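Chemist: A single structure is presented below for examination.
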Amino acid sequence: MNVNFVYPLLPLKTTKIMMQKGVLTPIKKENTIRKALKNVLKFRGFDKIRANIEGFETPSRLTSASDDISYVPDITAVKDDRKSYFELAVKSKKIHATLGKWKLLSTLANIHDGKFYLLVPKGNYAFVSRLLSKHPIEAEVVKL
C-alpha cells in the first residue's frame, strides 16, 4: 500500500505552531516528526496516520488513569488493523512525565495489538537506552 505525504510550506520566521488546545510544537520537533513520517512510517506500510503537527489530523488526547494526566502522542498510525503509537524521544529533565507518557502509550499499543515506537534523533540514544533499561516499557527504538 502506498502512502503519499503532503507537506505544507511553513513561514520561515515561525518559531512555534499552535496545536490542539494550547499544545505547542517547536519547529525543530515538527521537522523531525516530518522526517520520521517520510522515512519510517512510509516504508513500514502504515496508514490512517495522525500526527501532532500542522497539516495532519491531531491524535486523540489520552488520559492515564494512574496519574490523571493527559497526553497527546506525536504520531498514531494503523497497519493490518493494529494501532501503533510513535513518540519522539529526546533528552528531558521531566523524566517522570516522560516515563508516564511512554508507559501509557506502550500499554495502549499492546491493547490494540500494535507496537510502541520511540523515534530517537541523533544524540539522544544513550538517554533513551538508560531509561528503558531501568523501567519496564515495551518499545521498539528507531534511530533517526
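Chemist: Could you name the lysines whose alpha carbon sits less than 22 Å from that of K38, not counting residues in the same chain fewer than 8 places away?
Modeler: K16, K28, K29, K48, K79, K83, K115, K122, K143
Chemist: Rounded, prolate or oblate: which fits segment 19-144, taking a ≥ b ≥ c as square roots of the Cα gyration tensor eigenvalues, rounded meaning a/c under 1.5, else prolate when a/b beats b/c?
Modeler: Cα axes put segment 19-144 in the rounded bin.
Chemist: In nm, to one decimal, how far is the modelled label at N110 from the one at S66, with both set 7 Å along Cα→Cβ?
Modeler: 1.0 nm
Chemist: Length gain on complete extension for the stretch E57 to I27, per 0.36 nm per residue less the alpha carbon to alpha carbon distance?
Modeler: Between E57 and I27, full extension yields 9.1 nm more.
Since every read-out is calculated from the coordinates, none of them should be taken as a lab result. Because the structure is predicted, anything quoted here is derived from the model rather than measured. Using ideal geometry, Cβ is built from the backbone for each residue, glycine included, and neighbour counts are taken over all protein chains shown.
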